[in-house]
Every structure is written in C-alpha cells, then in structure tokens.
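These notes concern the structure reproduced below.
Since every read-out is calculated from the coordinates, none of them should be taken as a lab result. Since the model is a prediction, treat every value here as computed from it, not as a measurement. FYI the Cβ positions are ideal-geometry reconstructions off the backbone, even for glycines, and counts take in every protein chain you see.
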Amino acid sequence: MSRLKLFTLLFILAIVSGCASTQNNEGHKVVIQVSTDDPRTQAIALNNAVNLQKALGPGNIQVEIVAYGPGLSLLTKNGRQSKRVQDLTMYDEFTFSACGNTMNKVKRKKGKSPQLVEGVKVVPAGVQRIMELQEQGYAYIRP
C-alpha cells in the first residue's frame, strides 16, 4: 500500500472514530417542562425522567426539569414531590431548574422567596432556559 493511501486510510479512520466518540459521550438530552401545580402531571414528569434513565441506562441521558409558574411547587420543600426531587438530585443525570421570574413574583406577593429543595438551581427565566436547551439539541417533553 502506498504511503498516500495509508495516510488517507488512517485519516479517515481518525475522523470516523472521533465522530463515534463524540456521539457516545454526548448521549441523549431531554428537557421536561413543568408549568402546572397539578400533582398528577408533576408525578408524570418525574416518572418520565426516571423511566428514560432506566430505559437508556445510567450515564446515557441528561434530563433537565424546568419548572415555572404554578409548576414551581414541584421544586419546593413543602411540595408533594419534594422527597423524590431531593433523591433525584443525587444523580448526575438529573438537573432541576426553577424560574427566577416566578421566584421573584412569589417573593413580591408573599414577602418571601419559596424554599427550594436542596440541589435545585435558579435560572433567570424558565421559558428562556427551555429555549436555550432546545438550541443545544435537547428534546422537549411536556407531560
């Protein structure tokens, strides 16, 4: 085999290997919107997240649950699902984002900010966060 053919073959293999490696490391990405205080819908959102992790295997998916408006109750310490949310924050696959706009509105209305479950992050705006994640290739789910 000529040096040029060997070099070309090695170059192509390096590119293919790099592409496959990138795809495997990135895995699946999903954003789940929660904008209702309906307990059943909130439970379904968490079920969707857990079921995806079970189906695809640990480390093969990133799930971000973004809550805003009445859906913020999912991420509060006194919410019905607070224990479950707390447990899921322990896994690298799950991220929980609370809408800063909603947090500010509640603070103005009630005089204090809602107490979030430990591990929940606050983003400036829930809908903005969903948009940014979709721009990064996240699939969108709204139960």
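Overview of results
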| item | result |
| --- | --- |
| Cross-link partners of Lys112 among lysines (Cα-Cα below 16 Å; sequence separation of 8 or more within a chain) | Lys77 |
| Under 18 Å from the Cα of Lys109 - aspartates and glutamates, other chains or at least 8 residues apart | Asp37 |
| Over segment 21-143, relative contact order from alpha-carbon pairs under 8 Å, at least 6 apart, % | 32 |
| Within segment 34-143, trypsin sites (Lys or Arg not before Pro) in DSSP loop having at most 12 other beta-carbon neighbours inside 10 Å | Lys112 |
| Loop-resident sites, segment 53-143, for GluC sites (Glu not before Pro), counting at most 10 other Cβ within 10 Å (DSSP) | Glu118 |
| Antiparallel DSSP beta bridges within segment 28-141, percent to nearest 5 | 5 |
| Cα-centre dipole for segment 28-141 with unit charges at Cβ (Lys and Arg positive, Asp and Glu negative), debye to 20 | 640 |
| Residues of type lysines that Lys54 reaches as a straight line, Cα spacing below 17 Å, ignoring anything fewer than 8 places off in the same chain | Lys29 |
| Dipole moment magnitude, nearest 20 debye, segment 60-114 about Cα centre, only Lys, Arg, Asp, Glu C-beta charged | 660 |
| Fewest-first ranking of Ile61, Ile130, using other Cβ atoms within 10 Å as the exposure measure | Ile61, Ile130 |
